1. Quick check on residue 232: is it within 16 Å of the ligand (Cβ to nearest atom), more than 18 Å from the chain's Cα centre (by Cα) and not basic (Lys, Arg)?
2. Looking at the range 81-101, which of the residues that are within 12 Å of residue 141 (Cβ to Cβ) and either crowded, with 24+ Cβ neighbours inside 10 Å or among the polar types (S, T, N, Q) (or both) is nearest to the chain's Cα centre (by Cα)?
3. If you go through the range 258-270 one residue at a time, do you hit one that is modelled with pLDDT of 95 or more and outside any helix (DSSP H, G or I)?
4. Out of all the residues in the range 264-281, is one or more polar (S, T, N, Q), farther than 24 Å from residue 33 by Cα and surrounded by 20 or more Cβ atoms within 10 Å (Cβ to Cβ)?
5. Restricting to the range 92-116, give me the number of residues that are of a type outside the set (Phe, Trp, Tyr) and assigned to a loop (DSSP other than H, G, I, E, B).
6. Between 80, 89, which is assigned to a loop (DSSP other than H, G, I, E, B) and either within 16 Å of the ligand (Cβ to nearest atom) or of a type outside the set (S, T, N, Q) (or both)?
7. Cβ-Cβ below 7 Å, separation at least six or inter-chain, first residue in the range 148-162 and closer than 15 Å to residue 338 by Cα and within 13 Å of the ligand (Cβ to nearest atom), second part of a loop (DSSP other than H, G, I, E, B) and of a type in the set (Phe, Trp, Tyr): which pairs?
8. Do you know which of the residues in the range 273-293 that are in a helix (DSSP H, G or I) and touching a strand residue (DSSP E or B) at 6+ places or on another chain (Cβ under 6 Å) is farthest from residue 354 (Cα to Cα)?
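The values are calculated or read from the model by the stated rules, or taken from the named source; none is laboratory data. These figures come from a predicted structure and were not determined experimentally. We place every Cβ from the backbone using ideal geometry, glycine too, and count neighbours over all the protein chains shown.
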Amino acid sequence: MEVYFDNAATTKVYEEVVETINDVLKEEFANPSSVHIKGVRAENIIKNAKENIANLLKIKTSEIIFTSCATESNNMAIFGTANLKKRAGRHIITTKIEHPSVLLPMKRLEEEGFEVTYLDVYKDGKISLVDLKNAIRKDTIFVSIMLVNNEIGSIQPIKEAVSIVKNENKDIYFHTDAVQGLGKIPFKIGDLGVDMLTTSAHKIGGIKGVGFLYIKNGVNISPLILGGSQQASKRAGTESPINAASLSKCMEVSLKDFDEKNKHLEKLRTYFIEELKKLDDVYINNDFVDVSKSIVSASFIGVRSEVMLHALSEKNIYVSAGSACSSNKKKESYVLNALGLSKNHIESAIRFSLTCENTFDEVNYVIDTLKELLPFLRQFVRK
Ligand code: PLP
């Protein structure tokens, strides 16, 4: 059996997405900015994709800016706001557990003279709204708080956070990185009340290299990429009908029968956690109330993450140690560190990330494999 439990890193592309790409690739190669009939057809594919996404997410087509990935969307939201508002203030608020595509732009802004407050997270994986309120200053221009964390799956109270920020000062822009949220947990963009929201296709059955930044109508940021007048000059560069159509299709498939699929995922996660807890010296790091049902973080005390990861891989079980972005570096997870876990827990943590397509048989195979591997791997622990 082969078990892919690394869906927070990326997902298998849906068959429907592959079909859509094939159709568009064969027929509609023209530049959507060209004025001839073929150009107009290519442009229509983009228009239809935007309309479909807007309908699915109950937003407006003018609020969708296609980008190359979530990393670009996060950079665009952060630098785009900082550039536009730097005369109004130079203070930004974020959290200690954001993805590097938020944290590194923040570091760059600090080098340029901005001040950044990094909110703590507590045992439940969440920020405190009191901390957020206390952090807001007269010169605060921007807040970026992720919806769902990619390592521990904690869900932040974005709606409440937006209301606190806007009550203090409605001109502060609020951005959320919803890469691990959209198509994975139930929410509506409009209900959150954010000014900007980041998404990525390859986390929900789409292809790598496309996502979009939601920018609420009326919110202005300075563009990151300059050039042609595509996408109302908010993001220059020839638009891709393939990217647009495939993004629209993966959103459609992932949101179809969402409640039903989510219930299955919830049962699967609960069962997986119960079984993991029966194993000796295995701890669940994200047994939270507000948590994505797709992520289970567990520590196998005495077995280093990379040793476990490779041992599981030998058995055709694919997982990550922490997040995929950080797992090839020998650095300790800053997310688990922010959660206050001990060194033993951090060094032995594995992230299992599931989708609704995973099965109980797969979970059983993983548990049986762990039962077999754990005593063997623990023989080599240095005492
Ligand atoms: N934000 C979060 C929370 C993520 O999990 C990831 C990917 O792991 C990203 C941003 C970056 O996404 P992309 O690969 O589309 O740039």
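1. Working: within 16 Å of the ligand (Cβ to nearest atom): no; more than 18 Å from the chain's Cα centre (by Cα): yes; not basic (Lys, Arg): yes.
For residue 232, the condition - within 16 Å of the ligand (Cβ to nearest atom), more than 18 Å from the chain's Cα centre (by Cα) and not basic (Lys, Arg) - is not met.
2. So in the range 81-101, the residues within 12 Å of residue 141 (Cβ to Cβ) come out as 81-93.
Those left that are additionally either crowded, with 24+ Cβ neighbours inside 10 Å or among the polar types (S, T, N, Q) (or both): 81, 83, 92-93.
On the way: 81: 20, 83: 24, 92: 21, 93: 19 Å.
Going through the qualifying residues, I end up with 93.
3. Step one: filter the range 258-270 for residues modelled with pLDDT of 95 or more, giving 258-270.
Next cut, outside any helix (DSSP H, G or I) only: none.
Among the residues of the range 258-270, not one is modelled with pLDDT of 95 or more and outside any helix (DSSP H, G or I), which makes the answer no.
4. Taking the range 264-281 as the starting set, the residues that turn out to be polar (S, T, N, Q) are 270.
Within this subset, residues satisfying the condition of being farther than 24 Å from residue 33 by Cα are 270.
Checking the rest, the ones that are also surrounded by 20 or more Cβ atoms within 10 Å (Cβ to Cβ) come to none.
No, there is no match, as no residue in the range 264-281 is polar (S, T, N, Q), farther than 24 Å from residue 33 by Cα and surrounded by 20 or more Cβ atoms within 10 Å (Cβ to Cβ).
5. Restricting attention to the range 92-116, the residues satisfying the condition of being of a type outside the set (Phe, Trp, Tyr) are 92-113, 115-116.
Next, only the ones that are assigned to a loop (DSSP other than H, G, I, E, B) stay: 96-99, 112-113.
Here the count works out to 6.
6. Answer to the check: 89.
7. So the pair list comes out as 154/288.
8. Applying the first criterion (in a helix (DSSP H, G or I)) to the range 273-293 yields 273-277.
The next check asks that each one be touching a strand residue (DSSP E or B) at 6+ places or on another chain (Cβ under 6 Å); those that pass are 273, 276.
Numbers: 273: 12, 276: 15 Å.
Restricting to residues being in a helix (DSSP H, G or I) and touching a strand residue (DSSP E or B) at 6+ places or on another chain (Cβ under 6 Å), the top hit is 276.
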